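A short worksheet on the structure shown next.
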Amino acid sequence: MTWIPWNTQLRELAKQCQYLEALTLYRQMLRCGSYPNAFSFPFALKSSASLPLPFSGQQLHCQVIKSGCSQEPFVLTSLISMYCKFSSLGNARKVFDENPISNQLTVCYNALISGYALNSRVFDVIALFCRMREMGVSVNSVTMLGLVPVFSGPGYISVGMCFHCCCVKLGLNLDFSVANCLVTMYVKCAAIEFGRNLFDEMPKKGLITWNAMISGYAQNGLAADVLELYRKMETAGVCPDAVTFVGVLSSCANLGAVSVGHEVEQRIESSRLGLNPFLNNALINMYARCGNLVKARAIFDGMPVKSVVSWTAIIGGYGMHGYGEIAVELFDEMIKSGIQPDGAAFVSVLCACSHAGLTEKGLEYFSEMKMKHRLQPGPEHYSCVVDLLGRAGRLNEALELIKSMQVKPDGAVWGALLGACKIHRNVEMAELAFERVIEFEPTNIGYYVLLSNIYSEAENLEGVLKVRVMMRERKLKKDPGFSYVEYKGKVHLFLAGDRSHPQKKEIYRMVDELEALVKKLAGCKDNEERRNKEALLGMGVHSEKLAIVFGLLNSEPGTEIVVIKNLRMCEDCHLFFKGVSKIVTRQLVVRDATRFHHFRDGHCSCKDYW
DNA sequence: CTAGGGTTAG
């Protein structure tokens with residue numbers, strides 16, 4: 001029997017990713033007495049590399065040597081690639097060096113460069129690329145595809161740009177796949193603008209192109225841009241896939257755009273992608289963050305295999321909405337089911353504890369994290385624990401904790417302490433925390449406002465003035481925070497004092513009515529109650545107020561509208577929240593991380609979760 | 001009988 005039918009079949013199987021079948025066929029071929037040749041080995045090697053079978057890969061290497069075709073370019077490249085897939089870079093390099101012909105073959109360089117890149121060996125990648133150029137070996141787009149992704153990190157932007165220039169010189173910059181890689185590289189370096197420019201330049205955009213840009217926006221927190229691009233993608237007639245949806249859903253979670261999220265979910269269901277764990281995690285996250293815990297839980301419960309990410313999303317959801325006990329129960333259940341928690345899982349459970357006032361439980365987790373799970377707490381964990389202690393009034397312990405930190409504290413850690421000082425009216429420690437926090441975030445206006453409020457509560461007029469002067473000296477303008485309200489699938493965005501909305505006339509008339517109402521209520525005795533009202537309906541035309549009024553004007557009786565106030569400070573509750581306000585017509589329920597505020601028929605009540 | 005490559009969640 002000749003080798004042609006064997007090789008043809010082998011190639012077909014490898015092409016269809018039926019690697020196990022391909023290897024079986026290869027063995028059968030040997031048993032039948034047919035000798036493999038330079039057109040058999042590549043497919044056998046590829047199959048072995050695609051299965052976790054390094055041993056069979058090495059066996060194949062021996063057979064290659066015996067058969068005397070190790071100088072065949074096709075075989076050499078496959079050998080290098082096989083070793084790279086098993087991360088045996090030493091062996092890959094040996095194959096490259098021991099066969100001098102590799103030095104002149106673009107494909108061999110390509111295989112080895114991508115191997116180094118996959119193992120993050122940045123310097124080896126660059127060194128080999130330079131050698132390639134010195135040897136006069138031509139660089140093609142596959143070289144760039146293997147090479148560019150290694151610079152996808154915040155520190156590599158400049159060297160990444162050098163390679164972009166190199167691509168331009170070689171005329172590869174607009175090569176479809178290379179451009180995809182470059183866009184991805186830029187967005188992962190947080191150089192979104194560069195990525196977008198290249199994206200816009202690309203004459204042809206494919207699914208991967210759109211996904212790269214959408215995921216890039218999503219990872220850099222530019223949720224509004226994600227939704228915009230998603231719409232453009234639909235207009236362009238490109239059919240989204242699971243990767244697209246993951247990016248879009250995470251942005252829905254950030255924006256609170258439930259109805260877009262819902263629409264995406266329906267599209268997922270109709271495209272039968274529902275079994276993808278990535279998508280399920282993104283859906284849980286979206287529903288949990290948007291306040292629909294029932295739905296989030298249903299998806300979570302329906303997942304056959306739950307990863308630590310799934311658990312973290314649902315635990316964070318319960319914690320965020322004040323159900324600390326459930327969050328804690330779930331966390332324990334997760335451990336019992338044998339899932340190892342990671343740093344992010346601890347952030348979610350620690351946050352849940354601090355929001356629910358489960359101080360002791362939270363401290364217990366924090367110590368378990370270090371002792372039992374051998375995880376080094378980062379600043380994000382410390383800020384949770386400082387918040388935990390701070391809310392419980394244990395300010396000195398919180399301060400001691402910060403002082404004892406192994407890692408360098410960041411702004412959030414001191415900010416948590418400052419927030420705690422606001423609740424417990426500790427002016428002295430607030431001054432200390434403020435001094436530290438503005439070292440990290442000197443332009444974060446919120447902290448100045450917080451300190452000013454602490455002074456004003458303590459009736460320290462001098463302090464209030466001091467903060468004002470400081471703000472003026474540093475040319476800090478009032479936070480141009482904006483709020484969103486999602487209505488009939490569209491996100492309406494408002495800036496403070498915004499007059500650009502088509503319904504501005506009606507909105508401002510109602511604002512006036514509400515302000516008149518507040519003035520009438522200003523005489524009421526309960527200080528806290530008045531503060532609450534003033535916080536939301538008080539003086540000035542806050543973005544949030546415009547969004548709320550828009551919601552009140554447009555909602556049908558009994559429907560709910562969700563207002564997202566973006567990083568606004570709740571005057572009553574001391575900290576900055578990306579809060580969610582729910583409006584039921586003529587009744588306003590504002591919820592932040594710790595409390596519900598009800599406004600009804602001119603009355604207000606403020607109720608803690610716990 | 002034509003190798004080498006890219007996008008994915010908290």
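The values are calculated or read from the model by the stated rules, or taken from the named source; none is laboratory data. Please read these numbers as outputs of a predicted model, since none were measured by experiment. For neighbour counting, all protein chains shown are included, and Cβ atoms are generated from backbone atoms with ideal geometry for every residue, glycine included. Each accessible area value is taken on the protein alone, full model and side chains, heavy atoms only, with ligands, DNA and RNA left out. Shrake-Rupley method; radii C 1.70, N 1.55, O 1.52, S 1.80 Å.
Quick one: in the range A:234-276, of everything that is touching a strand residue (DSSP E or B) at 6+ places or on another chain (Cβ under 9 Å) and hydrophobic (A, V, I, L, M, F, W, C), which residue is modelled with the highest pLDDT?
Step one: list which residues in the range A:234-276 are touching a strand residue (DSSP E or B) at 6+ places or on another chain (Cβ under 9 Å), which gives A:254-260.
Filter again for hydrophobic (A, V, I, L, M, F, W, C), leaving A:255, A:257-258, A:260.
Details: A:Leu255: 76, A:Ala257: 75, A:Val258: 76, A:Val260: 81.
My answer is A:Val260.
Looking at A:Met233, A:Met213, A:Met202, A:Met185, just one residue is within 12 Å of DNA strand B (Cβ to nearest atom), under 25 Å from A:Leu273 (Cβ atoms) and not aromatic (Phe, Trp, Tyr), and that residue is A:Met213.
Results for (1) within 13 Å of DNA strand B (Cβ to nearest atom); (2) surrounded by 24 or more Cβ atoms within 10 Å (Cβ to Cβ); (3) closer than 24 Å to A:Leu350 by Cα; (4) among the aromatic types (Phe, Trp, Tyr), shown as yes or no for each residue.
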{"site": "A:Ser271", "(1), (2), (3), (4)": "no, no, no, no"}
{"site": "A:Gly291", "(1), (2), (3), (4)": "no, no, yes, no"}
{"site": "A:Thr312", "(1), (2), (3), (4)": "yes, yes, yes, no"}
{"site": "A:Met320", "(1), (2), (3), (4)": "yes, no, yes, no"}
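Right, A:Ser250: open to solvent by 20 Å² or more (accessible area, probe 1.4 Å), near DNA strand B (Cβ under 9 Å from one of its atoms), closer than 18 Å to A:Glu228 by Cβ and small (Gly, Ala, Ser) or not? It is true that A:Ser250 is open to solvent by 20 Å² or more (accessible area, probe 1.4 Å), near DNA strand B (Cβ under 9 Å from one of its atoms), closer than 18 Å to A:Glu228 by Cβ and small (Gly, Ala, Ser).
Listed by first and then second residue, the pairs with beta-carbon distance under 7 Å, at least 6 apart or on different chains, first residue in the range A:319-336 and within 10 Å of A:His355 (Cα to Cα), second of a type in the set (Phe, Trp, Tyr) and open to solvent by less than 70 Å² (accessible area, probe 1.4 Å), are A:Gly322/A:Tyr609. Here A:Phe39 fulfils each of the conditions (1) more than 8 Å from DNA strand B (Cβ to nearest atom); (2) within 14 Å of A:Val75 (Cβ to Cβ) apart from (1). In summary, no helices (runs of 4 or more DSSP H) completely within the range A:63-181 bear 2 or more residues that are of a type in the set (D, E, K, R) and crowded, with 18+ Cβ neighbours inside 10 Å.
Answer yes or no as to whether A:Ala44 is among the small types (Gly, Ala, Ser), more than 10 Å from DNA strand B (Cβ to nearest atom) and assigned to a helix (DSSP H, G or I). Don't jump to the end; show me each part of the working.
Numbers: among the small types (Gly, Ala, Ser): yes; more than 10 Å from DNA strand B (Cβ to nearest atom): yes; assigned to a helix (DSSP H, G or I): yes.
Yes; evaluated as a whole, the condition is true for this residue.
Matching residues to (1) under 23 Å from A:Cys252 (Cβ atoms); (2) out of contact with any Leu (no Cβ under 9 Å at 6 or more places or on another chain):
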position: A:Leu172; (1), (2): no, yes
position: A:Val183; (1), (2): yes, no
position: A:Lys188; (1), (2): yes, yes
position: A:Glu193; (1), (2): no, yes
position: A:Leu198; (1), (2): no, no
position: A:Ser215; (1), (2): yes, yes
position: A:Asn220; (1), (2): yes, yes
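Applying the criterion of being more than 12 Å from A:His381 (Cβ to Cβ), within 16 Å of DNA strand B (Cβ to nearest atom) and among the β-branched types (Val, Ile, Thr) to the residues of the range A:322-360, the residue that is modelled with the highest pLDDT is A:Ile335.
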